[in-house]
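A short write-up of the structure that comes next.
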Amino acid sequence: MIIKCPECGHQISDKAPLCPHCGVEIAGHLVKCSNCGETYLNVETSCPNCHYSELTGSENIAEDRLENTEKADESSAEAIVMDNESSADASLAEADTTVVEAAAMHGAEVAADVSETDDEVLQAVELEEVVESEKEKEIFVDAEVDDDAEISDATSEETKKNNHIALLVSLLLAVLIGVIFLFFYNKGLLADQAADEYSVALKSNDVELILKYLKEHPNASAEQKETLQNAIATLTQGDDELSKVEAQNTIEAYRAYLAKNPDSDKKNEILDKMDEIAWANATAEDTEKSYLDYCLFVEQQKYGKHKAEAEEKLKDMAEASLPAEASSEDKSKAVSAVRNFLVGINSRSADKIKAEVAETFSFKGAAGATAKNVMDYIRIDLYKADVSQAIWNLNKESANVTVEKKEDGSSALKISINGFIAYSKKDGTSPKVNKTINATLQNGKITSISW
């Protein structure tokens, strides 16, 4: 059994002859206190924990202790006889006999004179222990090694466990330190950014920029807020009406302000704002009318930075709107494309229709059409319940083909051609319905067709 050494406190086996750490004798020299259960050396007169004496007031106790000592000595002697070689057995047996006889003599002396003090009994026991100690060292050396190995293994496992815990704690501390560092680093960056934006807003003399900063930084310091508010008050002092007009930011509001304040020192600035609003409206609509309206605005205000651009736009639109007569080759291509498209309708062939049109095109006013939409038209609109057959016919001589220029520099062919649909109805009638077909072709494909 593993116990704590009563002398040095290290863990050892209770069968070890000596403590491997401090050298005190162990096997056969231990006493377990009947009062508190503490294990201590039998050389002690009383328990070191509760100070209870096993010898006080009883002869039998002393005799029992001596008998236990004698038994332990005899047991040790027998073990020595079994473990040593035959050549040493005789000498060891003689030594054991001597020890036993000495122990018996001491036991007899103790029994004969119980009135002797406890110190005398203990001295006799110590004398016997000294005789046996050298022999027990040889016998129990293997036991000591085993005990040391057990203690070493236990210590090694404990050390590994402690090392793992220490490593885990170190990693957690490293992560925590990293998170804290990142937090304060980002906080510092945000603070620097806010400081830069504050400086820009303060130096800008722009009310809108200052108001934007105050809106985006509600947690700015009281001092910063006060400074910016004072800057706004300075910039808008004596011109609150203009601030309201700038908030509206319309041509009508600026025009009304100038009517009341014709000599305002900000007149040119206001005219620039009005001009930019008018030009933005014209380009957003991007029509002939919108550019004409801008030119009219410039004439009224006697001011406009984009007048030349507006006039150029109007010129380009006028040229683009004038159709140019197509060449005979372009005319032939346009007529052929429309004819093949109608042949596809007559034969109800989606492949023939698809070969003549763009991937998506405008069909009878509907943008984003495909060959499938044309097939739906044939099935639903052309071949109604009373129609057994419908055939398109073209009058090629009536074709009018022009070239239309696009704003991106490309061109398209526009064709207008007459034709008719010859129906064969189930009631035996064969009516004809005249049609005028209008189509647009670009890159050889129909992009728009209707009738």
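Quick notes on this one:
- Residues of the range 47-65 that turn out to be surrounded by fewer than 17 Cβ atoms within 10 Å (Cβ to Cβ) and at pLDDT 85 or above, as a count: 5
- Here is the figure for the range 408-451: residues that are of a type in the set (S, T, N, Q) and in contact with a Gly (Cβ under 7 Å, 6 or more places away or on another chain) total 1.
- Test: Ile415 is in contact with an Asp or Glu (Cβ under 9 Å, 6 or more places away or on another chain), surrounded by 19 or more Cβ atoms within 10 Å (Cβ to Cβ) and at pLDDT 95 or above: no
- When residues in the range 196-213 are screened for being of a type in the set (Gly, Ala, Ser) and within 23 Å of Asp240 (Cα to Cα), 2 of them pass.
- Condition check for Ala399: of a type in the set (Gly, Ala, Ser), assigned to a helix (DSSP H, G or I) and in contact (Cβ under 8 Å) with a residue 60 or more places away in the chain: no
The values are calculated or read from the model by the stated rules, or taken from the named source; none is laboratory data. Only a predicted model underlies this, so the values are computations on that prediction, with no experimental measurement involved. Cβ atoms come from the backbone with ideal geometry, glycine included; neighbour counts cover every protein chain shown.
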